[in-house]
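The numbers here are math on the coordinates, done by the rules we state, and not lab data. Fair warning: this is a prediction, and the values are worked out from it, not measured in the lab. So basically every Cβ, Gly included, is an ideal-geometry build from the backbone, and we count neighbours across all protein chains shown.
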């Protein structure tokens, strides 16, 4: 990884993957997977608010490299 690609100490980097779980049409819902890139923590969500709360919690702690 070059210096330009390396995250800065103050950065939090996330990869967010969202998809629709179609099931039957009455129970279709969105799902998400969030990976905190520097710590490699991975979490799964079915609720957008919980996804946002997770990111907010990560922002409150110092980034790790």
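Could you give the length gained by full extension between residue 13 and residue 50, i.e. 0.36 nm per residue of separation minus their alpha carbon distance, to one decimal place? Working shown, then result.
On the way: separation 37, 0.36 × 37 = 13.32 nm, distance 1.77 nm.
Extending this stretch completely gives an extra 11.6 nm.
Using the beta-carbon distance between residue 21 and residue 60 and R0 = 30 Å, what value does 1/(1 + (r/R0)^6) give for FRET efficiency, to the nearest 0.05? Provide the component values of the computation, followed by the final result.
Details: r = 30 Å, r/R0 = 1.00.
Between residue 21 and residue 60 the formula returns 0.50.
Over the alpha-carbon set of the stretch 14-59, divide Rg by the Kirkwood Rh and report the Rg/Rh ratio to two decimals.
Working: Rg = 11.9 Å, Rh = 11.3 Å.
Taking Rg over the Kirkwood Rh, I get 1.05.
Got the relative contact order for the stretch 14-59 handy, in percent, Cα pairs under 8 Å and 6 or more residues apart? Write down the numbers at each step before the final one.
Working: 56 pairs, mean separation 13.3, N = 46.
Worked out over the stretch 14-59, it gives 29 percent.
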